[in-house]
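Values in this text are rule-based calculations from the coordinates and carry no lab data. On a predicted model such as this, the values are computed, not experimentally measured, just so you know. Positions of Cβ are backbone-derived with ideal geometry, glycine not excepted, and every protein chain shown enters the neighbour counts.
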Number of protein chains: 4
Amino acid sequence: MPTSYHRFAGSSLARLAALSDGVFAVAMTLLVLDLKAPVLHARAQRPIWSASGGGSEHVLIHDLVHHVAPHLLPYAMSFLTLGIFWVGQQTQLESFTQSNRALTWIHLAFLLAVTLMPFSTSLLAQDITYRSSIAVYWLNLLALGVALFASLRYADRADLMSDETGVEMRAALKRRIVVYQWLYAFAALTSLVNTYVAIGLLVLFQLNAVIAPRIWILDRA
Amino acid sequence: MPTSYHRFAGSSLARLAALSDGVFAVAMTLLVLDLKAPVLHARAQRPIWSASGGGSEHVLIHDLVHHVAPHLLPYAMSFLTLGIFWVGQQTQLESFTQSNRALTWIHLAFLLAVTLMPFSTSLLAQDITYRSSIAVYWLNLLALGVALFASLRYADRADLMSDETGVEMRAALKRRIVVYQWLYAFAALTSLVNTYVAIGLLVLFQLNAVIAPRIWILDRA
Amino acid sequence: MPTSYHRFAGSSLARLAALSDGVFAVAMTLLVLDLKAPVLHARAQRPIWSASGGGSEHVLIHDLVHHVAPHLLPYAMSFLTLGIFWVGQQTQLESFTQSNRALTWIHLAFLLAVTLMPFSTSLLAQDITYRSSIAVYWLNLLALGVALFASLRYADRADLMSDETGVEMRAALKRRIVVYQWLYAFAALTSLVNTYVAIGLLVLFQLNAVIAPRIWILDRA
Amino acid sequence: MPTSYHRFAGSSLARLAALSDGVFAVAMTLLVLDLKAPVLHARAQRPIWSASGGGSEHVLIHDLVHHVAPHLLPYAMSFLTLGIFWVGQQTQLESFTQSNRALTWIHLAFLLAVTLMPFSTSLLAQDITYRSSIAVYWLNLLALGVALFASLRYADRADLMSDETGVEMRAALKRRIVVYQWLYAFAALTSLVNTYVAIGLLVLFQLNAVIAPRIWILDRA
């Protein structure tokens with residue numbers, strides 16, 4: 001028998017949604033903010049006279065091409081990832097009738113994984129050829145998936161889902177998470193062969209989640 | 001035929017609005033935060049004894065006038081731009097009856113462009129005489145406009161707009177975006193002659209979008 | 001006659017409130033974030049051996065007392081200020097029946113002044129004895145007040161205020177802004193004599209706005 | 001008799017909740033952002049040739065294990081703490097029928113304590129063996145508790161709580177805060193013996209607040 005505090009703490013879905021939107025908004029904006037660092041870093045390491053050496057604009061173009069462009073891929077991928085999980089969480093919250101303390105804490109764990117995304121993205125952006133960076137990134141994706149799956153499973157058992165969300169739909173929501181987690185794990189494993197292949201596959205899987213071409217088998221998930 | 005997940009993922013306009021407000025709020029606040037950098041930078045490069053040399057307050061005033069003031073124009077322009085596009089997106093969202101997954105992703109692409117604003121603004125603020133900075137800034141404005149236009153076009157075709165938003169109004173919303181994008185492109189092109197002219201024109205066009213004097217032909221848009 | 005776009009752009013009070021809450025939340029959190037800088041700065045300037053010299057915890061205590069404590073006053077004052085203006089704006093928005101494009105832009109100008117608070121606070125925290133820092137801070141307070149006053153005046157004339165907000169109330173809202181702006185101006189002027197007096201007065205006026213003791217004449221405002 | 005301004009300023013619970021969600025979202029995201037610092041710091045202090053010395057990925061792994069891992073505990077603990085107090089504040093706000101100016105200011109004081117969490121967490125993360133860091137951290141926990149307790153007490157006396165929140169429930173809410181504050185104080189005191197014991201106890205108490213095993217006596221609170 002829960003105590004009186006636990007009986008009605010954390011029951012507001014609206015505030016959970018608002019906190020989530022705030023955390024996603026800050027994480028998304030901070031992702032891109034990191035793009036500035038390579039330009040400033042390259043500038044700081046350059047001798048002062050080079051800036052006045054007849055081609056300072058070429059220096060900026062050089063920095064953009066050589067220092068910013070290689071970082072764009074990890075950041076775009078992470079923005080996609082945050083978008084995918086934001087849509088996924090929103091779809092779940094819409095299908096719940098109310099929250100409770102346990103469900104709230106599952107989503108707080110989910111948000112913790114969201115706040116870690118800028119960190120694992122910057123690790124990946126620093127050197128895209130390190131397998132350990134991809135391992136950290138994959139652990140982050142795994143944490144996001146595990147939290148969302150736990151949320152679905154708990155809400156289903158604790159009878160917090162609306163009746164409109166039928167059995168078929170609940171199974172579809174869970175299956176989607178599981179299939180994508182297997183795909184992420186497969187992509188991470190390919191980094192043992194080549195990290196570029198791993199990242200290429202991750203981007204491909206995320207684009208599929210967004211665009212969802214009808215032909216692909218993945219779309220069934 | 002869409003799968004069951006895609007049929008009702010991302011249908012909440014309220015959460016899309018909340019995420020957007022969060023991203024705009026963070027981007028707007030971070031814009032101005034960058035103003036601190038030139039003061040700190042100038043201070044760090046100065047020999048220690050200069051601060052104690054009988055006029056440390058003059059140093060601060062000097063920094064404000066010579067290092068902060070030239071940066072104010074790009075930041076004010078970007079705040080205006082973010083405000084204009086925030087009002088523009090809000091007006092669109094108010095005219096929709098609901099969202100769906102595709103529309104949500106168009107707006108996530110729009111938000112990606114919003115998060116890039118502090119980056120392109122800081123490029124512009126570093127040296128206002130570089131044409132490549134203006135090119136990057138213009139690309140950012142273009143991305144914002146393309147996303148909002150795509151949203152309108154998609155919502156119109158997918159029958160997501162409310163009936164109150166008549167044919168005339170839908171045309172007016174689209175025309176406004178197109179006209180301003182031509183003006184931005186024209187301003188960016190003038191940077192081939194002189195970058196100050198380009199920025200002056202951009203500020204002028206943004207002020208027109210805000211104040212909307214009745215006399216000007218632009219107001220028809 | 002306004003064009004069709006202008007007729008219904010920016011009419012949502014709810015989204016204006018949400019954006020404002022976001023901007024205030026980011027500005028408030030960033031204020032305090034700056035407290036870390038002096039500790040890190042003092043640490044970086046100290047020779048490495050001093051940290052291992054038998055009293056590293058005393059170093060931290062020294063830093064907290066000598067480098068963080070003097071900065072606490074400006075930050076606490078700015079948090080108070082942001083709180084006061086947040087309550088003030090909320091009270092206004094609650095008294096409006098709807099927004100329009102012009103009112104939205106007045107509030108965006110207000111939010112621009114809000115985003116400048118962390119900047120003017122850090123100027124003040126760097127050296128509390130500079131009159132120019134207090135002048136910049138006062139200009140920021142002035143901008144906040146002017147924007148809120150303009151909002152009230154415009155909403156009154158454009159008939160956007162609810163009928164429940166009677167004539168007496170509208171006058172009280174305006175008078176409160178004007179009285180406090182005179183007090184801020186007076187405090188800023190005293191910095192010509194002594195900057196500590198100026199800051200002391202500002203803190204006193206802000207505390208009065210918050211606590212509002214019944215005895216004081218200021219409470220009439 | 002309050003003046004007309006004070007009579008209806010700050011009465012919106014919805015905006016108070018929205019501002020709180022924003023502040024918590026920013027504070028939670030900034031917490032984790034700090035994890036990047038140790039990696040960058042270690043990298044900056046290393047001679048350039050070491051990165052090219054046949055094992056640059058080992059360097060990253062070394063940094064993650066030796067510089068990031070020890071910081072994970074304070075950050076995870078602070079995320080737990082912010083989550084606990086977010087749920088606690090939400091539960092209170094749900095039990096109020098409306099707000100007023102005094103209650104709003106109590107919650108602004110609470111939010112000030114929330115914004116200080118990233119600062120006290122980073123102090124703790126810098127060196128976990130300093131008693132003064134734990135003292136600062138405990139003061140922060142105390143401020144959070146005092147503010148929430150004051151809010152409950154004020155709302156109870158000012159008749160702002162809903163009738164559904166019975167006498168038993170109000171007592172339970174207050175008791176919970178008091179019991180946990182005693183536990184925090186006890187944990188902080190053990191730092192006089194050993195700081196690791198203090199932090200271990202804090203983590204244990206926070207986990208109990210989250211997981212709330214039925215067996216423990218603490219669960220009565």
For segment C:13-220, calculate the relative contact order in percent as a whole number, restricting contacts to Cα pairs under 8 Å that are 6 or more residues apart. 23 percent
Quick check of the Kirkwood formula: for segment D:87-189, what is the inverse mean of 1/r over all pairs of different Cα atoms, in Å? 14.7 Å
Shortest first, in nm, what separates the label point of B:His62 from those of the same position in the other copies (7 Å along Cα→Cβ)? 3.1, 3.1, 4.4
Estimated dipole of segment A:9-220 in Debye, rounded to 20 [Cβ of Lys and Arg +1, of Asp and Glu -1, Cα centre]: 300 debye
Just order D:189-198, C:20-29 by mean Cβ neighbour count inside 10 Å, highest at the front, would you? C:20-29, D:189-198
Treating the point 7 Å from Cα along Cα-beta-carbon as the label, what are the nm separations from D:Thr129 to the other copies, to one decimal? 3.9, 3.9, 5.5
Shortest-first nm distances, D:Leu192 label point to equivalent points in other copies (7 Å, Cα→Cβ): 5.5, 5.5, 7.8
